[in-house]
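Trainee: Structure incoming, see below.
The values are calculated or read from the model by the stated rules, or taken from the named source; none is laboratory data. As the structure is a prediction and not an experimental result, all values here were calculated from the model. Because the Cβ atoms are built from the backbone with ideal geometry, glycine has one as well, and the counts that use them run over all protein chains shown. The area values use the complete protein model at the heavy-atom level, side chains included, leaving out ligands, DNA and RNA. Shrake-Rupley method; radii C 1.70, N 1.55, O 1.52, S 1.80 Å.
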Amino acid sequence: MVDTAGNAYIAGATFSNDFPTAVGAYRSTRSVLDKGAGYLTKLNPTGAGLLYSALLGGSERDGASGVAIDSGGGIYVLGDTRSGDYPTTPGAYQQTNHALAAQGYNAFLAKLSAIPIFPDFNRDNYSDLILQNPSTNAIACWFMQAAVKFGDASFSQSPSTEYTVAGVGDFKGNGVITLVLQSKVTNGIVLWYSGGGANNTDIFSGDFVDATPAAGWKVVGVGDFNQDGKSDLVFQNQTTHQVAFWLMDGPHYLGGLVSPHTPLAGWQVVGVGDFNGDSAQDLVFQNQISGQIALWYLQGTTYTGGTVLASHPAAGWKVVSVGDFNADGSADIVFQTPFSGQAVVWYVKSGVFNGGETLSQTVPTGWKIVGPR
């Protein structure tokens with residue numbers, strides 16, 4: 001299957017334990033008992049870049065055989081399964097695999113978002129929020145479905161007060177959620193790998209990034225800009241306002257560039273997401289005086305155009321997170337006010353504000369939403 005942009009979609013089955021998956025994949029690993037998994041892979045028009053790849057299925061044998069795309073970029077995968085635990089959604093036509101007793105297969109139809117859902121700590125296919133307490137530096141996550149909080153968890157470790165959370169991604173391309181920390185003293189960057197435990201919030205290892213940005217450059221976003229399935233870093237100079245990209249392979253700096261387009265004074269990069277449905281990462285800016293929101297559309301690291309949203313938040317509301325919170329395949333924006341801890345999510349579709357909701361719970365005193373960005 002090839003879409004209108006020339007991207008190719010491939011569906012099939014795999015028995016590989018190291019099948020390549022992309023950042024935010026619905027499922028990135030096979031279970032120990034898994035006897036075969038379906039997969040969906042999306043390649044760029046040249047076939048040289050992995051835009052998305054995910055496994056599908058349960059603990060038995062599964063396979064995918066067909067794929068289709070709707071006008072909104074939603075991806076439909078057809079296949080068959082022998083798994084009694086194949087995931088289904090509430091209200092599905094059939095939620096039990098009746099073919100198991102006869103050692104047979106049931107057909108399945110699955111719909112996936114056009115962009116990966118990330119970070120998803122509790123694996124419910126909705127973006128979750130990351131919070132940090134600036135006084136203690138403790139880090140926590142909220143499990144979200146749209147604007148509704150369904151639970152929370154604390155991370156197993158807290159960084160020293162020298163470090164703040166600057167973003168979240170998958171820097172090794174293996175589905176492991178990675179926190180990006182930046183030092184307020186040296187400007188150095190540390191990657192913390194999170195996984196295991198009941199909520200995937202156990203920090204099990206970390207790496208220092210092998211390059212340090214010059215003074216004045218701060219991490220402002222995380223995204224996969226060279227489409228290699230691994231997260232990269234976005235920086236903005238706090239004096240000149242220039243924007244730069246670092247291409248990464250895990251903690252290893254591969255090279256970078258400063259964008260030839262520089263935003264006007266007062267405009268700060270506040271996040272990364274796909275806002276126009278082209279499977280490429282875009283940048284979100286907020287004007288620190290007027291509060292207005294602007295989008296830079298990108299192909300890779302190349303600026304292709306932009307827009308200023310017609311709606312803008314009330315005074316004092318700051319962008320604190322960008323992610324697909326309603327699982328519609330388009331990035332959304334979360335704002336928080338420093339006065340009450342209240343937060344809201346704006347749903348954005350095709351670069352247009354499409355309504356919003358107040359989060360079901362107020363952020364506790366002393367805590368700030370810090371990601372994803």
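Trainee: Is there a residue in segment 117-135 that is modelled with pLDDT of 90 or more, open to solvent by less than 50 Å² (accessible area, probe 1.4 Å) and of a type in the set (S, T, N, Q)?
Mentor: Yes: one or more hits.
Trainee: Here is a further query. Of all residues in segment 265-280 being within 20 Å of V180 (Cβ to Cβ) and modelled with pLDDT under 95, which is surrounded by the most Cβ atoms within 10 Å (Cβ to Cβ)?
Mentor: Looking only at segment 265-280, we keep the residues that are within 20 Å of V180 (Cβ to Cβ), and these are 268-274.
Adding the requirement that they be modelled with pLDDT under 95 leaves 273-274.
On the way: G273: 25, D274: 22.
Step by step, filter segment 265-280, then rank; the result is G273.
Trainee: Right, next: Give the residue that is most open to solvent (accessible area, probe 1.4 Å), with candidates limited to residues of segment 250-264 that are part of a strand (DSSP E or B) and without any contact (Cβ under 8 Å) to a residue 40 or more places away in the chain.
Mentor: Result: L254.
Trainee: Note down all Cβ pairs under 6 Å where the first residue falls in segment 154-171 and is more than 12 Å from G223 (Cα to Cα), the second is surrounded by fewer than 19 Cβ atoms within 10 Å (Cβ to Cβ) and among the acidic types (D, E), and they're at least six residues apart or on different chains.
Mentor: S156/D202
Trainee: Can you name every residue in segment 143-160 that is of a type outside the set (D, E) and part of a strand (DSSP E or B)?
Mentor: Result: F143, M144, Q145, V148, K149, F150, G151, A153, S154.
Trainee: For segment 305-322, how many residues meet the condition of being open to solvent by 10 Å² or more (accessible area, probe 1.4 Å) and more than 14 Å from F353 (Cα to Cα)?
Mentor: 8
Trainee: Filtering segment 67-94 down to residues that are under 17 Å from N7 (Cβ atoms) and either small (G, A, S) or open to solvent by less than 30 Å² (accessible area, probe 1.4 Å) (or both), which residue is modelled with the lowest pLDDT?
Mentor: G72
Trainee: Restricting to segment 39-89, give me the number of residues that are assigned to a strand (DSSP E or B) and in contact with a helix residue (DSSP H, G or I) (Cβ under 7 Å, 6 or more places away or on another chain). Step through it out loud before you land on a result.
Mentor: Step one: of segment 39-89, the residues assigned to a strand (DSSP E or B) are 39-43, 50-56, 62-69, 75-81.
This time we only want the ones that are in contact with a helix residue (DSSP H, G or I) (Cβ under 7 Å, 6 or more places away or on another chain), so: none.
Number satisfying all stated conditions: 0.
Trainee: If K349 meets every condition in (1) touching a residue at least 24 places away in the same chain (Cβ under 8 Å); (2) open to solvent by less than 70 Å² (accessible area, probe 1.4 Å); (3) charged (D, E, K, R) apart from one, which number is that one?
Mentor: Exception for K349: condition (1).
Trainee: Scan T240, T186, T212 and give me the residue that is open to solvent by 30 Å² or more (accessible area, probe 1.4 Å), farther than 22 Å from S160 by Cβ and of a type in the set (V, I, T).
Mentor: T240
Trainee: Could you run through segment 215-227 and say how many residues are at negative phi and surrounded by fewer than 19 Cβ atoms within 10 Å (Cβ to Cβ)?
Mentor: Selection size over segment 215-227: 3.
Trainee: Continuing with the same structure: Residues to consider are F335, F325; find the one that is open to solvent by less than 30 Å² (accessible area, probe 1.4 Å) and at pLDDT 95 or above.
Mentor: On the way: F325 fails: at pLDDT 95 or above.
Answer to the selection: F335.
Trainee: One residue is enough: does segment 155-164 have a residue meeting the conditions open to solvent by 20 Å² or more (accessible area, probe 1.4 Å) and modelled with pLDDT under 90?
Mentor: no
Trainee: Okay, next question. For segment 53-62, state whether one or more residues are at positive phi, modelled with pLDDT of 75 or more and open to solvent by less than 20 Å² (accessible area, probe 1.4 Å).
Mentor: Within segment 53-62, one or more residues are at positive phi, modelled with pLDDT of 75 or more and open to solvent by less than 20 Å² (accessible area, probe 1.4 Å).
Trainee: Give me the residue from segment 281-296 that is farther than 17 Å from V352 by Cβ and not in a strand (DSSP E or B) and, out of that set, most open to solvent (accessible area, probe 1.4 Å).
Mentor: Of everything passing the filter in segment 281-296, I289 is most open to solvent (accessible area, probe 1.4 Å).
Trainee: Cβ-Cβ below 7 Å, separation at least six or inter-chain, first residue in segment 199-214 and in contact (Cβ under 8 Å) with a residue 60 or more places away in the chain, second of a type in the set (G, A, S) and surrounded by 15 or more Cβ atoms within 10 Å (Cβ to Cβ): which pairs?
Mentor: From segment 199-214, the pairs are N199/A153; N200/S194; T201/A153; T201/S194.
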